[in-house]
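Peer 1: Pasting a structure below so you can have a look.
The values are calculated or read from the model by the stated rules, or taken from the named source; none is laboratory data. The structure displayed is predicted, hence computed values, not measured ones. Here the Cβ is made from the backbone with ideal geometry for all residues, glycine too, and neighbour counts use every protein chain on show.
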Amino acid sequence: MKKNKKNKKVIIEDDEIIKEENPEEFEEKENKPKSKLKIIIVSLFIVGIILLLWSRFISTSGLIVKEYAINTTNLATDYDGLKIVHFSDLHYGSTIYESELKRIVNRINQEKPDIIVFTGDLVEHGVELSDSDINKIQKQLKRLDANIEIFAVKGNHDYENDYFDTIMSDLGWNILDNKYEFVYANSKKPIIFVGLDDLTKGTPDYANAFSYLNDLNEDVYTIVLAHEPDQIDEFKNYKFNLVLSGHSHLGQIRFPLVGALYTPEGSKKYYDDHYKVDDADLYISGGIGTSTLKFRFLNKPSINLYRFFTN
């Protein structure tokens, strides 16, 4: 009894038989590239889903404190050790709600700041707050404890509704709307805080904000609060030492070597953590909430802590 031989596929080149293969083997080799492509596609899809979930739920949670040492010879020694906490771009209703706000306030108070500054964008655009929501925000923000003062300026989103004015009216914070304030901390020499109106939605008045210069006969350490960091180029001719801004979220989504993928109008030139602009320092907060897209990547919510050292 003869055994049936399997059919073989004959490969012929230039009328010569090169090799013989079983059809099953030939088909298996033919399908290998397709299988590899499928694996790559599925792997990329899984990685994409993981990154998406990470950016939405992990990267938008928690809070980082970024600490900076401000070494200056322009301040009286009485201010050595002064602590300022800077937070910005809360965008309540985006990825920040009452429980997150409570933790943020606790973390700020933990630093025992002398001065707290907020540089705008309290509520996310398009978010509707009930009276109960407003009361919750006020309740938490009232708990912020600064030894000396709390200052705030408006951001562009704060012009899209009345929430900023309504909430601030019950907090007792010092709203610097194109205004300045002299601050004395156990010293005869002050620090001047200048607050500017929003660049894109408000009406900045630099002449009024810096009007104290008309009567000042000596250099006084000056800190400017401006929501959009690009605004620094608009008031560069005035005297100041430090500018604190927000708005850019440091790009909100960042990648290694690339940095910020996108920044909004008003933070096209200055959008990273720190810049030296002439003789002044510009620090930009990465913000706490999110705007438009509820995602962060390699850019956790953060606040800035500045410690002053007088040399």
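Peer 1: Pairs, please: C-beta under 7 Å, at least 6 apart or cross-chain, first residue touching a residue at least 40 places away in the same chain (Cβ under 8 Å) and outside the structural domain of Pro229 (by TED's automatic domain parsing) and in the stretch 263-280, second assigned to a loop (DSSP other than H, G, I, E, B) and surrounded by fewer than 17 Cβ atoms within 10 Å (Cβ to Cβ)?
Peer 2: Final answer for the pair search is none.
Peer 1: Then there's this: Looking only at strands (runs of 3 or more DSSP E) that fall completely inside the stretch 37-133, which ones have 1 or more residues that are touching a strand residue (DSSP E or B) at 6+ places or on another chain (Cβ under 6 Å) and more than 21 Å from Phe151 (Cα to Cα)?
Peer 2: Where strands (runs of 3 or more DSSP E) fall fully within the stretch 37-133 and carry at least 1 residues being touching a strand residue (DSSP E or B) at 6+ places or on another chain (Cβ under 6 Å) and more than 21 Å from Phe151 (Cα to Cα), they are 64-72.
Peer 1: Tally the residues that are under 22 Å from Ser245 (Cα atoms), of a type in the set (S, T, N, Q) and out of contact with any Ser or Thr (no Cβ under 9 Å at 6 or more places or on another chain), restricting the search to the stretch 78-105.
Peer 2: Residues meeting the conditions: 0.
Peer 1: Just to be sure, is Gly289 surrounded by 17 or more Cβ atoms within 10 Å (Cβ to Cβ), assigned by TED's automatic domain parsing to the domain that holds Ile84 and more than 17 Å from the chain's Cα centre (by Cα)?
Peer 2: It is false that Gly289 is surrounded by 17 or more Cβ atoms within 10 Å (Cβ to Cβ), assigned by TED's automatic domain parsing to the domain that holds Ile84 and more than 17 Å from the chain's Cα centre (by Cα).
Peer 1: Still on this structure, I have one more. Name the one entry in Asp114, Asp131 that is more than 22 Å from Gly251 (Cβ to Cβ) and out of contact with any Leu (no Cβ under 7 Å at 6 or more places or on another chain). Step through it out loud before you land on a result.
Peer 2: Details: Asp114 fails: out of contact with any Leu (no Cβ under 7 Å at 6 or more places or on another chain).
Exactly one residue qualifies, and that residue is Asp131.
Peer 1: Sticking with this structure for a sec: Quick one: Thr119 ticks every box in (1) at pLDDT below 95; (2) under 15 Å from Leu196 (Cα atoms) bar one, so which box is it?
Peer 2: (1)
Peer 1: So, in the stretch 165-212, of the ones that are among the charged types (D, E, K, R) and crowded, with 20+ Cβ neighbours inside 10 Å, which residue ends up farthest from Ser267 (Cα to Cα)?
Peer 2: Restricting attention to the stretch 165-212, the residues satisfying the condition of being among the charged types (D, E, K, R) are 165, 170, 177, 179, 181, 188-189, 197-198, 201, 205.
Those left that are additionally crowded, with 20+ Cβ neighbours inside 10 Å: 197-198.
Values: Asp197: 15, Asp198: 12 Å.
The selected residue is Asp197.
Peer 1: On to the next question. Output yes when any residue across the stretch 61-84 is more than 24 Å from the chain's Cα centre (by Cα), among the aromatic types (Phe, Trp, Tyr) and surrounded by fewer than 17 Cβ atoms within 10 Å (Cβ to Cβ), and no when none is.
Peer 2: Within the stretch 61-84, not a single residue is more than 24 Å from the chain's Cα centre (by Cα), among the aromatic types (Phe, Trp, Tyr) and surrounded by fewer than 17 Cβ atoms within 10 Å (Cβ to Cβ).
Peer 1: Sticking with this structure for a sec: Does Tyr275 satisfy the condition of being surrounded by 14 or more Cβ atoms within 10 Å (Cβ to Cβ) and in a helix (DSSP H, G or I)?
Peer 2: Values: surrounded by 14 or more Cβ atoms within 10 Å (Cβ to Cβ): yes; in a helix (DSSP H, G or I): no.
Taking the combined requirement at face value, the residue does not satisfy it.
Peer 1: Let me ask you something else. Name the pairs whose Cβ atoms lie under 7 Å apart, with the first residue in the stretch 168-191 and of a type in the set (A, V, I, L, M) and at pLDDT below 95, the second in a helix (DSSP H, G or I) and buried (at least 17 other Cβ atoms within 10 Å of the Cβ), and 6 or more positions between them or separate chains?
Peer 2: Within 7 Å, the pairs are Ala185/Tyr79.
Peer 1: Now for a separate question. Please determine whether any residue of the stretch 124-146 is surrounded by 21 or more Cβ atoms within 10 Å (Cβ to Cβ), under 21 Å from Pro229 (Cα atoms) and not aromatic (Phe, Trp, Tyr).
Peer 2: Within the stretch 124-146 (the criterion being surrounded by 21 or more Cβ atoms within 10 Å (Cβ to Cβ), under 21 Å from Pro229 (Cα atoms) and not aromatic (Phe, Trp, Tyr)), the answer is yes, since at least one residue qualifies.
Peer 1: Has the stretch 251-261 got any residue that is without any contact (Cβ under 8 Å) to a residue 40 or more places away in the chain and under 14 Å from Val117 (Cβ atoms)?
Peer 2: Looking through the stretch 251-261, none of the residues is without any contact (Cβ under 8 Å) to a residue 40 or more places away in the chain and under 14 Å from Val117 (Cβ atoms).
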